Amino acid sequence: MKALAGLCSGLIFGFGLAVSGMTDTNKVLGFLDVFGAWQAPLLLVMGSAVLVTLIGFPLLKRRARPFLAASFQFPQRTDLDRRLLLGATLFGVGWGLYGYCPGPALAGVIYGSVDTVLFLMAMVFGMAVATYLTRNAP
Amino acid sequence: MSTAINGDLAMAMAGGLLIGVAALTLMALLGRVAGISGITWAALTAKPRENWRWLFLAGLPLGAALAHGIIGVPLPQGSSLSPTVAILAGLLVGLGVRLGNGCTSGHGVCGIGLLSPRSIIATLTFMTAGVVTVLMTRHLVPGVLGAMS
């Protein structure tokens, strides 16, 4: 059942990504090109997704537990640190260079481009390097 | 406004709503945040292995295939950038999402929905970094990406 729940959410997520235009790197770069020929529509993707979570998460929080697991695992940290800012900056630069963030890159493998696979392999390598560099951090 | 732009707006909104619904589904059923970078890393490293993560990740391309195949969403044109740029970008994205504990989905869609200050700051930061990067590559140092072949 848990595996099916994961598949279900992933399917809706991937469907939404393709419908929204987020799997089109040209559209994403056009959206980030605020000082050029700005393509605003993608702003609505995060806008409407956040609208759903802003309304839905508080409603879910009223329940004692999720339907198929023992507890809700909401992130607990509230502190801001340099690592968060550095990480978000590096991520944003990578996103702005090519136009893929992790979800659209994974969904985009169906387009059959070798470059997408190279992007994902480099991404996993980057994750491993970051994990190694912060292995002694709290 | 042209029909194409209106169509893009409607699709962006519909797609965004679905992404939000997917995040709600995962939270309602399994109590987990639908953060794709976190799920990817945990799928590769977490022990004991939990199959839902792999199935969630498999659902992403399958869901996209359904969108193109069943309701006929037009296929993207594909990138004109070189494999070198793809690798450099992937490396930075991987480093960044691990150091910053999340990407567009975890911080942007879920974290803001939970009104997490870390996620709000992270989202503003990576959006700004993305905009500045495109400003550089398209307007201030045009041709820099073309030089990376």
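Nothing in this text is a laboratory measurement; each read-out follows from the coordinates by a stated rule. In this text the structure is predicted, and so the values were computed from the model without any measurement. Neighbour counts run over all protein chains shown; Cβ positions are idealised from the backbone, glycine included.
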Response to the item:
Between B:VAL73 and residues 5 or more places away or on another chain, the pairs with built amide H atoms under 5 Å apart involve B:HIS68
Discussion item. With the cut-off at 1.5 for a/c, could you classify segment B:3-140 from its C-alpha gyration tensor as rounded, prolate or oblate?
Written reply: rounded
Worksheet item: Taking chain A as a Gaussian network, Cα atoms linked when under 10 Å apart, which of A:PRO75, A:PRO66, A:PRO102 shows the biggest mean-square fluctuation?
Response: A:PRO75
Worksheet item: Which of B:ALA22, B:ALA34, B:ALA122 moves the most in a Gaussian network model of chain B with Cα springs under 10 Å?
Response: B:ALA22
Worksheet item: What ³J(HN,Hα) values, in whole Hz, does the Karplus curve 6.51 cos²θ - 1.76 cosθ + 1.60 give for segment A:85-91 when θ = phi - 60°, with x put for Gly and Pro?
Response: 5, 4, x, 5, 5, 4, 4
Response to the item:
Computed, not fitted: 222 nm per-residue ellipticity of chain A from DSSP H runs ≥ 4 (each -39500 (n - 2.57)), nearest 500, equal to -21000 deg cm²/dmol
Worksheet item: Rounded if a/c is under 1.5, else prolate if a/b beats b/c, else oblate: with a ≥ b ≥ c from the C-alpha gyration tensor eigenvalues square-rooted, which is segment A:10-98?
Response: oblate
Practice prompt. For A:VAL129 and A:LYS61, calculate 0.36 nm times their separation in residues minus their Cα-Cα distance, and state this gained length in nm to one decimal.
Written response: 21.0 nm
Worksheet item: Does segment A:52-123 classify as rounded, prolate or oblate by the C-alpha gyration tensor (a ≥ b ≥ c root eigenvalues; a/c under 1.5 gives rounded; else a/b over b/c gives prolate, otherwise oblate)?
Response: oblate
Worksheet entry | Inter-label distance, nm, simple model (7 Å from Cα along the C-beta direction), B:GLN77/B:LEU115 | 4.3
Worksheet item: Normalised by the residues of chain A, what does the relative contact order come to in percent, with Cα pairs under 8 Å and at least six apart?
Response: 28
Worksheet item: Over chain B, what is the mean sequence separation of C-alpha contacts under 8 Å (at least six apart), divided by residue count, expressed as relative contact order in percent?
Response: 26
Worksheet, complete the sentence: Expected vector for segment B:15-27, Karplus 3J(HN,Hα) from phi with 6.51, -1.76, 1.60 and θ = phi - 60°, integer Hz, x for Gly and Pro, equals x, x, 4, 5, 4, x, 4, 4, 5, 5, 4, 5, 5
Fill in: Per-residue ³J(HN,Hα) for segment A:60-68, Karplus 6.51 cos²θ - 1.76 cosθ + 1.60, θ = phi - 60°, Hz, x for Gly and Pro
5, 4, 5, 6, 6, 8, x, 5, 10
Worksheet entry | Size of charge dipole - segment B:1-139 - debye, nearest 20, with Cβ of Lys, Arg +1 and Asp, Glu -1, no other charges | 380
Worksheet item: Do any trypsin sites (Lys or Arg not before Pro) in segment B:26-135 lie in a DSSP loop with no more than 12 other beta carbon atoms within 10 Å, and if so, which?
Response: B:ARG49
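A:SER71 to B:LEU9: FRET efficiency via 1/(1 + (r/R0)^6), r the Cβ-Cβ distance, R0 51 Å, to the nearest 0.05? Kindly include the intermediate steps, with their values, before the conclusion.
Values: r = 39 Å, r/R0 = 0.76.
After rounding to 0.05, the efficiency reads 0.85.
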